[in-house]
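Enquirer: Have a look at this one.
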Amino acid sequence: MNILGISAHYHDSAAALVVDGEPVGAVQEERLSRRKHDAGFPVNAVEWCLESAGLDAADLDAVVFYERPMLKFERILTSTLRAFPRSWRSFPHAIKNTLGEKVWVRGIIASHLGIPRQKILFTDHHASHAACAFLTAPTHRAAILTADGVGEWATLTAGAGTRRDRRAEITLRREVRFPHSLGMLYSALTAYLGFKVNEGEYKGMGLAAYGRPTMLEQMRKVIRRLPDGAFILAPEYFEFQTTAERSYSAKFIELFGPARHPYDPIDLKSADGQRFADCAASVQRVLENILVDIAARLRRETGLHDLCLGGGVALNGVANARILAEAGFDRVFVPPAPGDAGCALGAALYADRIYLRNSDRDVADHPFFGPCADGLQLARAAREDSQNVEELDDEMLVERIAYALAAGRIVGWMEGACEFGPRALGHRSLLAAPHDAAMRDRLNRDIKRREEFRPFAPVVPLESADRFFDLPRGGARLGRYMSGVFPVRPEWRSRLAAVTHVDGSARVQVLAREMAPRLHALLEAYGRRTGIPVLLNTSFNVAGEPIVAQAMEGYLTFRRSDIDLLVAGSTVVSKRAAASFKESGAWSSSSEAASTVA
Ligand SMILES: [Fe+2]
């Protein structure tokens, strides 16, 4: 049975294909259209999913949309009318926007794919998040917690899932409804801090480490706790329920001070800079406290030992780590794409297991479901462009790259299928030495062109993770998809300065050999040279662009940035100017490179 899942029309559109119960392809539209956070109908992603599986649209048994457009429309209409007359300005915009494409999804899908309307199904938005989290995790019974900005009405759901006798069940018993939303609170603060909503949340998280949660008193006015563990947002501090123009109100500014203009630099030495960092730290702390509390209640109510987390809020690695440490669960699973893109996969799996009652089965425990990078194509293009091209067997290639990294080179590393989800987990990564803060600054300044306070993440083999990072029980699992932030052991911080955040933490990827064997071998080779099998791992893209998907995008990025070497398959490309580096022959073995970090 062939089931296509689609998420679209909000941000990060995506498509995912499930064939006979197994995901065979999943990709965000942005990776193919090359428009960051592309929210349009994912024509390219759908086409790629079908083509790579050798299917036509006519072969699909069902197409599942990740939410219920009419309910969403009802929510937008109701909340706009409730806020009338304050909302009168935004009313036409909201209605046009919604009526434009969002409500008529069945017709849009039918006409794009040329399939009968009765093959098109819908899932609840949070059921899609829950299915993405639970049905892809290696567990058979788990509590489920999802949290995001908003779906139709729900903003947070809690429940449980079971997979037994080849049948899967998901029951979401409790929900918090719009406008009360942890995601909206975080987004409002993101906007207040001058970052772009739906993509600047990472920046807020990074900034939080520079501040102290000195504004918890104010936060308590903005978000109030209820006796049953839920929460409400005080409406007078927000405007997202009435207008699309600004998410926080004048009263919010009265409480926290003037907002930051997006073009103003953040000077952490200034009083305002510190105030913004303290704001970020305060909202972060409140978010963590509420999530830990709700998760702990869920643990007590269900008696279950595993927790699956879904929704965009599950991208908050600091909160995830606290949930693991404090809520009482043995294991916490976060999928590689917990946000709305992942809903495409969640919706397809939900329809397969729950609506259509197909047999449950284990799903491959990796994020590599996207387009492949072709090493031969790369070699051809680089030769035509007169760059240095080598084709090496795996062992030589790994040694070559380990040497280059130890010598301070930045490497674009492409391997097989690209990741589904916002993080580069070793198939579309920029790799660099993690030791010196100067490397962090160079990457931020010359390649990623982003704020200096933003940290980079390390990747470490599972076998060595405990030596460098203070992982609690279950921490390595959370680190599999870079979903937890953990302390770097103090004795290693100075030698892991490029990947250690200002508070001594790191969003570490803990790499199991079987997930990405060649990157694992590279980490080991690097460890043999330097004594430290850890690399800086950041997504392979430059500012404002999506992560590269195919070899040619990697090549073009390599050509117009300061990336020194590029790898795909057995091909290694280096820039012509760096020829002397290779000709020296030093890369095959070098004690000099090792001494740079010892
Ligand atoms: Fe969502």
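The values are calculated or read from the model by the stated rules, or taken from the named source; none is laboratory data. Since the structure is predicted, the reported quantities are computational estimates derived from the model, not experimental observations. Positions of Cβ are generated from backbone atoms using ideal geometry, with glycine treated the same way; all protein chains shown enter the neighbour counts. These accessible areas exclude ligands, DNA and RNA; they are computed on the full protein's heavy atoms, side chains included. Shrake-Rupley method; radii C 1.70, N 1.55, O 1.52, S 1.80 Å.
Enquirer: Going residue by residue through region 6-28, is there one that turns out to be within 16 Å of the chain's Cα centre (by Cα), over 18 Å from Gly311 (Cβ atoms) and outside any strand (DSSP E or B)?
Expert: Among the residues of region 6-28, not one is within 16 Å of the chain's Cα centre (by Cα), over 18 Å from Gly311 (Cβ atoms) and outside any strand (DSSP E or B), which makes the answer no.
Enquirer: So which of Ala296, Ala314, Ala319 is within 18 Å of the chain's Cα centre (by Cα) and without any contact (Cβ under 8 Å) to a residue 40 or more places away in the chain?
Expert: Of the residues listed, the single one that is within 18 Å of the chain's Cα centre (by Cα) and without any contact (Cβ under 8 Å) to a residue 40 or more places away in the chain is Ala319.
Each row is one residue, and each column tells you yes or no for (1) within 28 Å of Trp48 (Cα to Cα); (2) at pLDDT 95 or above; (3) surrounded by fewer than 22 Cβ atoms within 10 Å (Cβ to Cβ).
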{"position": "Leu376", "(1), (2), (3)": "yes, yes, yes"}
{"position": "Glu391", "(1), (2), (3)": "no, yes, yes"}
{"position": "Glu399", "(1), (2), (3)": "no, yes, yes"}
{"position": "Cys418", "(1), (2), (3)": "yes, yes, no"}
{"position": "Met439", "(1), (2), (3)": "no, no, yes"}
{"position": "Glu451", "(1), (2), (3)": "no, no, yes"}
{"position": "Glu463", "(1), (2), (3)": "no, yes, yes"}
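Enquirer: Another one. Output yes when any residue across region 318-326 is more than 15 Å from the ligand (Cβ to nearest atom), at positive phi and not aliphatic (A, V, I, L, M), and no when none is.
Expert: Scanning region 318-326, I find no residue that is more than 15 Å from the ligand (Cβ to nearest atom), at positive phi and not aliphatic (A, V, I, L, M), so the answer is no.
Enquirer: Continuing with this model, one more query. Quick one: is Ile266 assigned to a helix (DSSP H, G or I) and open to solvent by less than 60 Å² (accessible area, probe 1.4 Å)?
Expert: no
Enquirer: Can you work out which of the residues in region 477-493 that are outside any helix (DSSP H, G or I) and not charged (D, E, K, R) is most open to solvent (accessible area, probe 1.4 Å)?
Expert: Checking each candidate, the answer is Pro487.
Enquirer: Follow-up. If I filter region 335-363 down to residues being among the aliphatic types (A, V, I, L, M), in a loop (DSSP other than H, G, I, E, B) and open to solvent by less than 40 Å² (accessible area, probe 1.4 Å), which single residue comes out as farthest from the ligand (Cβ to nearest atom)?
Expert: Taking the candidates together, the pick is Val363.
Enquirer: Of the residues Val318, Val332, which single one is of a type outside the set (S, T, N, Q) and part of a strand (DSSP E or B)?
Expert: Step by step, each of Val318, Val332 is checked, and only Val332 is of a type outside the set (S, T, N, Q) and part of a strand (DSSP E or B).
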